[in-house]
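Working notes for the structure below.
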Amino acid sequence: MASLSDYADGLVRDNAGVVCAAVLDAATGAVKAEAGGTKVTAGEGDKLVQQYAEPDLAFVEGVVLGGTEYNCVRADDRSFHLKLTAGGGGACVRVGAAGQQVIVVVLYDASGDAAATVTATEAAGDALGAYDGATVPP
């Protein structure tokens with residue numbers, strides 16, 4: 001059986017340029033699992049939960065993850081696509097279907113393939129849509 005840590009580890013291991021992958025509690029923003037060097041703080045997770053409730057806030061305020069501010073280029077009730085203002089790289093944040101209990105966050109640098117990273121992040125978010133707080137889906 002896979003764990004939330006396995007999902008985070010796999011996103012870092014299997015996607016070029018990914019520097020951090022985290023799985024957050026969708027209600028509180030608390031970090032449930034994380035892999036890679038950059039760390040998402042509880043305060044950043046809490047703010048992310050607020051921005052998911054009102055996606056337009058992500059455009060207005062930007063999104064801070066791992067201590068770095070990102071510009072929002074796309075936001076809706078399921079995913080945020082974020083870019084760094086300088087140096088390349090960005091982030092993808094995904095919530096699956098309504099009622100999902102986790103948020104998947106992936107940060108990548110300029111060496112990464114943005115399209116492939118977004119696809120992998122969204123697939124992980126969708127796969128974790130069946131997560132019930134105890135049992136991690138395969």
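Numbers for the structure displayed
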| quantity | calculated |
| --- | --- |
| Search result, residues across the stretch 42-63 that are in contact with a helix residue (DSSP H, G or I) (Cβ under 6 Å, 6 or more places away or on another chain) and of a type in the set (S, T, N, Q) | Gln51 |
| The stretch 90-105 residues that are modelled with pLDDT of 80 or more, paired with ones that are surrounded by fewer than 24 Cβ atoms within 10 Å (Cβ to Cβ) and among the acidic types (Asp, Glu) (beta carbon under 6 Å, 6 or more apart) | Arg94/Glu122 |
| Subset tally (residues that are farther than 15 Å from Ala26 by Cβ, open to solvent by 70 Å² or more (accessible area, probe 1.4 Å) and in contact (Cβ under 8 Å) with a residue 12 or more places away in the chain) for the stretch 76-86 | 2 |
| Looking only at the stretch 56-77, and only at residues there that are closer than 28 Å to Ala2 by Cβ and in a loop (DSSP other than H, G, I, E, B), the one that is modelled with the highest pLDDT | Gly66 |
| Residues of the stretch 28-55 that turn out to be open to solvent by less than 60 Å² (accessible area, probe 1.4 Å), in a loop (DSSP other than H, G, I, E, B) and among the polar types (S, T, N, Q), as a count | 1 |
| Residue in the stretch 2-16 that is assigned to a loop (DSSP other than H, G, I, E, B), hydrophobic (A, V, I, L, M, F, W, C) and in contact with a helix residue (DSSP H, G or I) (Cβ under 8 Å, 6 or more places away or on another chain) present | yes |
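The values are calculated or read from the model by the stated rules, or taken from the named source; none is laboratory data. No experiment lies behind these values; they were computed from the predicted model shown. Backbone-built Cβ (ideal geometry, glycine too); neighbour counts: all protein chains shown. Remember, those area values only see protein heavy atoms, side chains included, never the ligands or the DNA or RNA. Shrake-Rupley method; radii C 1.70, N 1.55, O 1.52, S 1.80 Å.
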